[in-house]
Amino acid sequence: MLPADLMRAVVPVFPPSESNVVREGRLRGERNPGELQCAPSEFFMLFDTNGDGLISFAEYIFFVTLLSIPESSFNIAFKMFDLDHNGEIDKEEFKKVMALMRSYNRQGAAHRDGLRIGLKVGQPVEDGGLVEYFFGKDGSDHLHYEKFSDFLKQLHDEIVRLEFSHYDVKSSKTISAKDFALSMVASADMNHINKLLDRVDDFDESPDVKDLRITFEEFKAFADLRRRLEPFAMAIFSYGKVNGLLTKQDLKRAATHVCGVDLTDKVVDVIFHVFDANCDGNLSSEEFLRALQRRESNIRQPTTPGLMGVFSCWLNSGVSDGFGHGS
């Protein structure tokens, strides 16, 4: 695939509301796979390690494996393979870490021994990707944890930047509230996306949100919250079981105190416009968390459920969510 294809594969988007592109497809909400509109990412070109202008299978699996790694999990694995406890690992130790992480990712684990099944010749995933970038041409360099964790942060930040750039069609460094809402529902399940898109389309007729503009800092803060979905979801879920309702101030408090993320009033207004199904001033948390969980699971694609697997079962169970809203 081309580097642009790689970007499209990990950044779910709808056409920007301020562009001339029409949202189309055989089904409402179905996305054209060629929709991401932004300048090529030099960061993503790092994954084209042989310089042929294409992303190989090994490079792609290496990429999605990196994308699936929570920083806390890599920290644990890194320390396990750092036998000298000096904060760095060599190439062979790193390959063991990546093989372990790949086994916890659906796409990576589906390919035995890191090779694409069905091909006579294949390159092990752990020998491809950015190994040379991290360890040098001869593989003798060592990788420090700080360098790798910084790289992961840059990777996630670059995806957020690309998505924001896609919606910032006028290069104004802000996007419309409607486009921010589209980004929130872009990964929603097809069984739910039509009613969410109806609420997004209502933005044009809603004076309280139609003129709001979202900055990159606000957009990134919401992305940071999405990456902390497990503690955030548990906070909302627990609060709802005790109090039954979730107001705008409750949502901001959960984001700040549990996840260390400050959401502005504008961002919270957009969230409630889309996910306050009854228009009663209380969040329909089931729909909200389901949309966020699906977005993150599409990126991480874990093979083991963990805490979010339990939460996914709850979201899909069809029972009341504890906030007065059933599915």
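Keeping to the stretch 16-45, report how many residues are farther than 20 Å from residue 167 by Cβ and at pLDDT 75 or above.
0
Can you find, within the stretch 131-150, the residue that is nearest to residue 86 (Cα to Cα) among those that are touching a helix residue (DSSP H, G or I) at 6+ places or on another chain (Cβ under 8 Å) and in a helix (DSSP H, G or I)?
Step by step, filter the stretch 131-150, then rank; the result is 145.
With respect to residue 148, determine if the residue is of a type in the set (Phe, Trp, Tyr) and farther than 22 Å from residue 91 by Cβ. Explain how you work it out, then say what you get.
Values: of a type in the set (Phe, Trp, Tyr): yes; farther than 22 Å from residue 91 by Cβ: no.
When the stated conditions are applied, residue 148 does not pass them.
Within the stretch 274-285, work out how many residues are open to solvent by 10 Å² or more (accessible area, probe 1.4 Å) and either part of a helix (DSSP H, G or I) or farther than 20 Å from residue 201 by Cβ (or both). Can you show your working first?
Taking the stretch 274-285 and keeping what is open to solvent by 10 Å² or more (accessible area, probe 1.4 Å), we get 276-282.
Cutting the leftovers down to either part of a helix (DSSP H, G or I) or farther than 20 Å from residue 201 by Cβ (or both) gives us 280-282.
The total comes to 3.
Restricting attention to the stretch 51-91, which residues are farther than 16 Å from residue 144 by Cβ, not in a helix (DSSP H, G or I) and not polar (S, T, N, Q)?
51, 52, 53, 54, 55, 69, 70
In this structure, does residue 237 turn out to be at pLDDT below 90 and aromatic (Phe, Trp, Tyr)? Write out each step before concluding.
On the way: at pLDDT below 90: yes; aromatic (Phe, Trp, Tyr): yes.
Against the criterion (at pLDDT below 90 and aromatic (Phe, Trp, Tyr)), residue 237 qualifies.
Step by step: first the residues of the stretch 248-273, then only those that are open to solvent by less than 50 Å² (accessible area, probe 1.4 Å) and charged (D, E, K, R), then the one that is nearest to residue 222 (Cα to Cα). Which residue is that?
Looking at the filtered set, the residue picked out is 252.
Let me confirm something: among 180, 203, which residue is assigned by the TED database to the domain that holds residue 285 and under 22 Å from residue 260 (Cα atoms)? Before the answer, list the steps.
On the way: 203 fails: under 22 Å from residue 260 (Cα atoms).
Only one candidate passes the filter, namely 180.
If you go through the stretch 252-273, how many residues are farther than 26 Å from residue 202 by Cβ, assigned to a loop (DSSP other than H, G, I, E, B) and not β-branched (Val, Ile, Thr)? Please lay out each step first, then the result.
Filtering the stretch 252-273 for residues farther than 26 Å from residue 202 by Cβ gives 253, 256-262.
Cutting the leftovers down to assigned to a loop (DSSP other than H, G, I, E, B) gives us 260-262.
Going one step further and asking which of them are not β-branched (Val, Ile, Thr), we end up with 260, 262.
Result for the stretch 252-273: 2.
Within the stretch 41-100, which residues are open to solvent by 80 Å² or more (accessible area, probe 1.4 Å) and touching a Ser or Thr at 6+ places or on another chain (Cβ under 7 Å)?
Residue satisfying the conditions is 71 alone.
Of all the residues that make up the stretch 153-193, how many are in a helix (DSSP H, G or I), of a type outside the set (Ser, Thr, Tyr), open to solvent by 20 Å² or more (accessible area, probe 1.4 Å) and touching a residue at least 24 places away in the same chain (Cβ under 8 Å)? It would help to see each step written out before you state the result.
Filtering the stretch 153-193 down to residues in a helix (DSSP H, G or I) leaves 153-167, 177-185, 190-193.
Now narrow it down to the ones that are of a type outside the set (Ser, Thr, Tyr): 153-164, 166, 177-182, 184-185, 190-193.
The next check asks that each one be open to solvent by 20 Å² or more (accessible area, probe 1.4 Å); those that pass are 153-154, 156-158, 161, 178, 190-192.
Applying the additional criterion that residues be touching a residue at least 24 places away in the same chain (Cβ under 8 Å) yields 153-154, 156-158, 161, 178, 190, 192.
Of the residues in that region, 9 qualify.
The values are calculated or read from the model by the stated rules, or taken from the named source; none is laboratory data. This one's a predicted model, so the numbers in the text were calculated from it and none came from an experiment. Backbone-built Cβ (ideal geometry, glycine too); neighbour counts: all protein chains shown. These accessible areas exclude ligands, DNA and RNA; they are computed on the full protein's heavy atoms, side chains included. Shrake-Rupley method; radii C 1.70, N 1.55, O 1.52, S 1.80 Å.
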